[in-house]
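The structure under discussion appears below in the form of structure tokens.
The values are calculated or read from the model by the stated rules, or taken from the named source; none is laboratory data. Not measured: the values here are computed from a predicted model. Every residue, glycine as well, gets a Cβ built from its backbone with ideal geometry; the counts of neighbours run over all protein chains shown. Areas reflect the complete protein model, heavy atoms only, side chains present, ligands, DNA and RNA absent. Shrake-Rupley method; radii C 1.70, N 1.55, O 1.52, S 1.80 Å.
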Amino acid sequence: MNIPSKYNPANVEDKWYNYWMENNYFYSTPDEREPYTIVIPPPNVTGVLHMGHMLNNTLQDVLIRRARMKGYNACWVPGTDHASIATEAKVVAKLKDEGINKLDISREEFLEHAWDWTHKHGGIILEQLKKLGASCDWKRTKFTMDEDMSESVTKVFIDLYNKGLIYRGYRMVNWDPEAKTTVSDEEVIHIEKNGKLYYFRYQIESEDDFVTIATTRPETILGDTAVCINPNDERFKHLKGKKVIVPIANRIVPIIEDEYVDMEFGTGCLKITPAHDINDKEIGERHELKVIDIFNDDATLNSYGLHYQGKDRFVVRKEIIEELESLDHLVKIEEYKNKIGTSERTGAIIEPKVSIQWFLKMKDLAEPALKAVMEDEVKLVPKKFKNTYRHWMENVRDWNVSRQLWWGHRIPAFFYGDGQNDFVVASTKEEAVVLAKNKTGKKFKIEDINQEEDVLDTWFSSWLWPISVFDGIRKPENNDIEYYYPTRDLVTAPEILFFWVARMIIAGYEYRKEKPFSKVYLTGIVRDKLGRKMSKSLGNSPDPIGLMNKYGADGVRVGMLLTSPAGNDLPFDEDLCEQGRNFSNKIWNAFRLVKGWEVSKEIEQPRSAAQAIKWFDAKLVKVLEDLERSYENYRISEALMITYKFIWDDFSSWYLEMIKPAYQSPIDAKTYEQTLNNFEKIVKILHPFMPFISEEIWQLIRERTTEEALIISPWPKIENANNDLVKEFEFAAEIISGIRTIRKEKNIPNKDSIELFVLNKENIQIDFDVIIQKLGNISKLAYIDKKKEGALSFRVRSNEYFIPMGDNINIEAEIEKLESELMYAEGFLKSVQKKLSNERFVSNAPEQVIAAERKKEADALAKILTINDSLKGLK
């Protein structure tokens with residue numbers, strides 16, 4: 001068999017991915033096995049792979065590949081999200097480039113453009129995931145705007161409306177003036193900014209006196225309908241019942257009293273703009289104030305902005321201050337730091353706006369979902385996110401589910417009149433006509449009925465994802481939903497814990513009466529090595545496809561997972577991918593070494609090889625037990641490191657050295673066959689992390705049928721543990737390291753054999769002596785009752801080991817060197833003991849500092865003892 005001298009991922013990855021696809025290894029259908037289901041967090045349909053996707057999907061693939069090997073019916077459902085705001089923004093920008101304004105074309109024409117865009121750019125990210133090795137059941141691929149998925153969304157909206165949980169009303173919403181739609185509270189990112197606090201005067205009606213107010217948003221004075229004071233504020237008792245004149249607008253408004261006003265903030269007088277501040281709106285409702293909206297949808301001023309009409313809000317801010325100053329109303333300007341709400345989607349500064357919207361009542365719906373997580377029916381990993389989840393769910397507000405967009409699931413409400421409640425909710429216009437007649441007693445034609453223009457929040461479709469991908473909303477008793485639901489694990493990001501995870505749990509209990517998944521693995525944010533969040537603007541986000549071309553998919557998968565503990569941010573460094581590629585090369589070279597040996601059936605198995613195999617079997621059991629714990633606790637990075645060290649250290653550095661035949665000599669057939677078996681076990685535990693190289697080696701070890709592919713091979717079984725054997729080898733490894741250290745320090749070539757005498761105070765087993773003799777090139781190993789004179793020595797625990805000097809060492813030079821080392825060690829010990837004898841130091845230093853100094857003292861004493869022993873042996 002011709003095995004290439006170098007591992008080339010480019011020659012391997014497509015070959016095996018196509019092989020897996022052709023043989024339907026990813027495909028799942030209900031059967032008698034226990035299911036293991038994961039639904040992918042659907043990326044934006046027109047998105048491309050970024051480092052966050054790489055981490056998230058690598059973790060999912062590790063879990064699903066291992067489950068497949070553990071005998072589960074593994075089903076990983078892929079799909080994409082229609083992403084209303086992001087996709088519509090891209091289509092609007094494309095039309096603009098073509099000289100087309102969205103408002104100049106019909107909704108139907110716009111949707112044609114949107115579907116064209118989706119068909120052209122959609123699905124790219126799923127193809128990129130295949131390059132990563134994602135073993136999704138691609139036959140089950142779903143899109144949130146698929147016909148069956150859309151029907152499910154409509155059905156749920158109608159159901160919730162009929163239950164009295166969805167309502168329509170005027171509310172203060174978060175308005176994104178760039179996307180020209182509302183966004184939910186959870187989609188508002190608050191950032192701290194340096195701003196200004198503006199103080200200006202309102203003249204009291206029919207008086208020469210003024211009241212001074214402070215605001216960060218002077219442009220909104222054109223919408224003011226009152227000034228408010230705290231009724232307990234003695235400073236302003238004289239203002240009760242009076243009115244003031246709003247500058248520029250010259251509008252006469254009342255001075256009202258409300259305990260909401262913070263007497264310590266600003267001047268203690270608060271301007272009230274009910275249309276543009278949530279707190280002002282609540283005060284306005286209590287005092288029945290007029291609501292004056294001064295903004296257009298793009299945050300330019302409307303006719304209530306007077307001579308500022310058509311200008312952007314921030315331009316007006318600057319100009320209105322100049323006008324107030326010219327009118328002698330500006331008192332002062334102070335520097336001020338405050339938090340500004342920005343849109344997660346576009347980055348635009350959010351404008352509070354009163355608007356008629358559709359809302360879903362959340363309080364009662366949230367209770368079962370809160371209980372599920374608090375009682376660990378749904379486990380969050382890591383647990384620290386439980387408190388965040390509880391805070392959100394206990395303070396949940398009604399969900400604004402409507403968006404002022406065209407791309408998305410159109411709200412199934414139909415209007416038959418101009419009144420706020422002149423509508424019915426139905427799945428079709430035909431059904432709406434019937435419902436409208438039943439509601440009003442009047443007859444309607446289809447052309448009399450108009451559907452709501454708004455679409456539903458994207459999350460309103462994705463909260464159904466674990467149910468709708470199995471068609472569980474439309475057909476709640478079909479085979480797929482009954483078999484695959486609830487799913488097993490969800491891997492996602494903490495920032496969508498409420499957006500998506502909590503809402504899926506809510507939907508699960510509402511529509512299936514049970515949880516949608518058992519465990520939620522919350523990944524961290526991928527950052528650069530300086531700790532910055534990756535972004536295009538910083539230029540610190542590498543191209544995942546470029547990384548895979550450079551280091552191989554396996555190398556990048558390992559690089560992503562080397563430092564990604566659950567819930568903690570990942571400080572990504574490209575060097576980690578290089579480490580992953582080096583690991584591939586290490587495994588490949590080990591395989592080539594074994595396959596390159598000449599095999600003889602005539603040779604008996606050496607005792608050293610037999611002992612090495614016994615140890616390896618015991619070590620594998622220990623590794624499998626450790627891996628089981630790590631996987632069970634979702635410590636995936638830890639599981640990778642266990643696998644990495646087992647292959648790099650235990651197998652490559654120790655086991656292969658133990659069984660390696662002498663130079664230009666053959667290996668016995670028994671050891672060779674057992675080593676191939678061990679290689680098979682190694683690539684099995686490696687497969688979830690590095691699927692391509694593991695399958696390549698697996699297929700090269702022996703001829704395989706399609707039923708014997710690694711991807712569907714059984715995970716190694718945990719046999720009876722032999723931890724004593726593992727510990728005995730750890731002792732032997734220390735002895736071998738001690739021998740190698742002396743060889744290195746004394747320049748004794750490895751090819752020169754030496755003798756080793758043991759003062760066995762630990763009473764250790766001698767099973768590994770054959771290994772020590774082979775790896776240490778020991779011509780004679782003997783146990784003695786007293787110290788060996790004229791020999792170099794070293795200790796392992798309380799055992800002492802002696803290597804006679806023979807002709808290898810210059811005794812006088814060695815004595816001189818040891819005496820120099822002794823002098824340094826004694827001086828170091830003296831300085832440490834001086835510090836420890838200082839009562840002030842011991843009393844004031846932290847406990848860990850004292851412990852570190854005591855360790856230095858113990859190490860120095862041990863070193864002095866060893867040097868003195870060596871000197872006695874030489875003199």
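Give me the pairs, please: first residue somewhere in region 658-680 and touching a residue at least 24 places away in the same chain (Cβ under 8 Å) and open to solvent by less than 30 Å² (accessible area, probe 1.4 Å), second residue anywhere and among the aromatic types (Phe, Trp, Tyr) and in a helix (DSSP H, G or I), beta-carbon distance under 6 Å, and either six or more positions apart or on two chains.
From region 658-680, the pairs are ASN678/PHE616.
Find the residue count for region 477-518, including only residues that are of a type outside the set (Asp, Glu) and more than 21 Å from ASP137 (Cα to Cα).
Quick first cut of region 477-518, residues of a type outside the set (Asp, Glu) only: 478-479, 481, 483-488, 490-494, 496-509, 511-513, 515-518.
Adding the requirement that they be more than 21 Å from ASP137 (Cα to Cα) leaves 493-494, 496-509, 511-513, 515.
Within region 477-518, residues that are of a type outside the set (Asp, Glu) and more than 21 Å from ASP137 (Cα to Cα) number 20.
Exactly one of these conditions fails for VAL188: (1) open to solvent by 10 Å² or more (accessible area, probe 1.4 Å); (2) of a type in the set (A, V, I, L, M, F, W, C); (3) without any contact (Cβ under 8 Å) to a residue 60 or more places away in the chain. Give me its number.
The failed condition is (3).
Going through GLU377, GLU325 one at a time, which residue ends up being at pLDDT 95 or above and not aliphatic (A, V, I, L, M)?
Result of the check over GLU377, GLU325: GLU377.
Taking the conditions exactly as written (outside any helix (DSSP H, G or I), buried (at least 19 other Cβ atoms within 10 Å of the Cβ), of a type in the set (A, V, I, L, M) and touching a residue at least 12 places away in the same chain (Cβ under 8 Å)), does ALA134 satisfy them or not?
yes
For region 251-296, which positions are open to solvent by 60 Å² or more (accessible area, probe 1.4 Å), acidic (Asp, Glu) and either at pLDDT 90 or above or within 19 Å of PHE236 (Cβ to Cβ) (or both)?
GLU257, GLU259, ASP262, GLU264, listed by residue number.
Taking ILE125 as the residue in question, decide whether it is aliphatic (A, V, I, L, M), over 30 Å from PHE359 (Cα atoms), touching a Lys or Arg at 6+ places or on another chain (Cβ under 6 Å) and open to solvent by less than 30 Å² (accessible area, probe 1.4 Å).
Judged against the criteria, ILE125 is not a match.
Quick check, is ASP398 open to solvent by 40 Å² or more (accessible area, probe 1.4 Å), modelled with pLDDT of 90 or more and touching a strand residue (DSSP E or B) at 6+ places or on another chain (Cβ under 8 Å)?
Numbers: open to solvent by 40 Å² or more (accessible area, probe 1.4 Å): yes; modelled with pLDDT of 90 or more: yes; touching a strand residue (DSSP E or B) at 6+ places or on another chain (Cβ under 8 Å): yes.
Yes: the conditions hold for ASP398.
Quick test for you: out of SER608, SER541, pick the one residue that is over 30 Å from ASN2 (Cβ atoms), of a type in the set (S, T, N, Q) and open to solvent by 30 Å² or more (accessible area, probe 1.4 Å).
Selected residue: SER541, the only one of SER608, SER541 that is over 30 Å from ASN2 (Cβ atoms), of a type in the set (S, T, N, Q) and open to solvent by 30 Å² or more (accessible area, probe 1.4 Å).
Would you please name the residue that is surrounded by the most Cβ atoms within 10 Å (Cβ to Cβ), looking only at residues in region 681-690 that are assigned to a helix (DSSP H, G or I) and not charged (D, E, K, R)? Steps first, answer last, please.
So the first thing to find is which residues in region 681-690 are assigned to a helix (DSSP H, G or I), and the list is 681-686.
Imposing the further condition that a residue be not charged (D, E, K, R) reduces the set to 682-683, 685-686.
Working: ILE682: 27, VAL683: 23, ILE685: 22, LEU686: 24.
Among residues in region 681-690 that are assigned to a helix (DSSP H, G or I) and not charged (D, E, K, R), the one surrounded by the most Cβ atoms within 10 Å (Cβ to Cβ) is ILE682.
For region 204-224, give me each residue that is in a loop (DSSP other than H, G, I, E, B) and open to solvent by 10 Å² or more (accessible area, probe 1.4 Å).
GLU205, SER206, GLU207, ASP208, ASP209, THR216, ARG217
Any chance region 847-855 includes a residue that's over 29 Å from LYS746 (Cβ atoms), surrounded by 14 or more Cβ atoms within 10 Å (Cβ to Cβ) and not basic (Lys, Arg)?
yes
Within region 754-776, how many residues are under 21 Å from SER870 (Cβ atoms) and not aliphatic (A, V, I, L, M)?
6
Which condition number in (1) in contact with a helix residue (DSSP H, G or I) (Cβ under 8 Å, 6 or more places away or on another chain); (2) more than 19 Å from THR643 (Cβ to Cβ) is the one that GLY531 fails?
Single failed check for GLY531: (1).
If you check ALA86, ALA134, ALA114, ALA93, which single one turns out to be in contact with a helix residue (DSSP H, G or I) (Cβ under 8 Å, 6 or more places away or on another chain) and farther than 30 Å from ASP554 by Cβ?
The unique qualifying residue is ALA114.
Checking ARG740 against (1) touching a residue at least 12 places away in the same chain (Cβ under 8 Å); (2) in a loop (DSSP other than H, G, I, E, B); (3) more than 27 Å from ASP626 (Cα to Cα), which test does it fail?
Tallying (1) touching a residue at least 12 places away in the same chain (Cβ under 8 Å); (2) in a loop (DSSP other than H, G, I, E, B); (3) more than 27 Å from ASP626 (Cα to Cα), ARG740 fails exactly one: (2).
So how many residues does region 297-317 have that are on the phi > 0 side of the Ramachandran plot, open to solvent by 40 Å² or more (accessible area, probe 1.4 Å) and in a loop (DSSP other than H, G, I, E, B)?
Total satisfying the criteria: 1.
Restricted to region 168-185, and to residues that are within 28 Å of the chain's Cα centre (by Cα) and among the small types (Gly, Ala, Ser), which residue is most open to solvent (accessible area, probe 1.4 Å)? Give the derivation first.
Here is the first cut: in region 168-185, the ones within 28 Å of the chain's Cα centre (by Cα) are 174, 176, 179, 182-185.
Next, from what is left, pick out any that are among the small types (Gly, Ala, Ser): 179, 184.
Details: ALA179: 24, SER184: 6 Å².
Within region 168-185, the match that is most open to solvent (accessible area, probe 1.4 Å) is ALA179.
Output the number of residues of region 782-806 satisfying the condition of being in contact with a strand residue (DSSP E or B) (Cβ under 6 Å, 6 or more places away or on another chain) and surrounded by fewer than 18 Cβ atoms within 10 Å (Cβ to Cβ).
Number satisfying all stated conditions: 4.
For region 550-576, which residues satisfy the criterion of being modelled with pLDDT of 90 or more, among the aliphatic types (A, V, I, L, M) and open to solvent by 10 Å² or more (accessible area, probe 1.4 Å)?
LEU576
Take the residues of region 434-447 that are over 18 Å from LYS155 (Cα atoms) and aliphatic (A, V, I, L, M): which is least open to solvent (accessible area, probe 1.4 Å)?
So, considering only residues that are over 18 Å from LYS155 (Cα atoms) and aliphatic (A, V, I, L, M), the one least open to solvent (accessible area, probe 1.4 Å) is ALA436.
Can you find, within region 331-361, the residue that is most open to solvent (accessible area, probe 1.4 Å) among those that are of a type in the set (A, V, I, L, M) and touching a helix residue (DSSP H, G or I) at 6+ places or on another chain (Cβ under 8 Å)?
Result: ILE333.
Quick check, is LEU756 over 37 Å from the mean Cα position of the chain (by Cα) and not polar (S, T, N, Q)? Give the derivation first.
Values: over 37 Å from the mean Cα position of the chain (by Cα): yes; not polar (S, T, N, Q): yes.
Taking the combined requirement at face value, the residue satisfies it.
I'd like to check something: does region 691-703 contain any residue that is out of contact with any helix residue (DSSP H, G or I) (no Cβ under 9 Å at 6 or more places or on another chain), at negative phi and exposed (fewer than 14 other Cβ atoms within 10 Å of the Cβ)? Talk me through it step by step, then tell me what you get.
Start the filter on region 691-703 by keeping residues that are out of contact with any helix residue (DSSP H, G or I) (no Cβ under 9 Å at 6 or more places or on another chain), which leaves 703.
From what is left, the residues that are at negative phi are 703.
Subsequent filtering for residues that are exposed (fewer than 14 other Cβ atoms within 10 Å of the Cβ) retains 703.
Looking through region 691-703, at least one residue is out of contact with any helix residue (DSSP H, G or I) (no Cβ under 9 Å at 6 or more places or on another chain), at negative phi and exposed (fewer than 14 other Cβ atoms within 10 Å of the Cβ).
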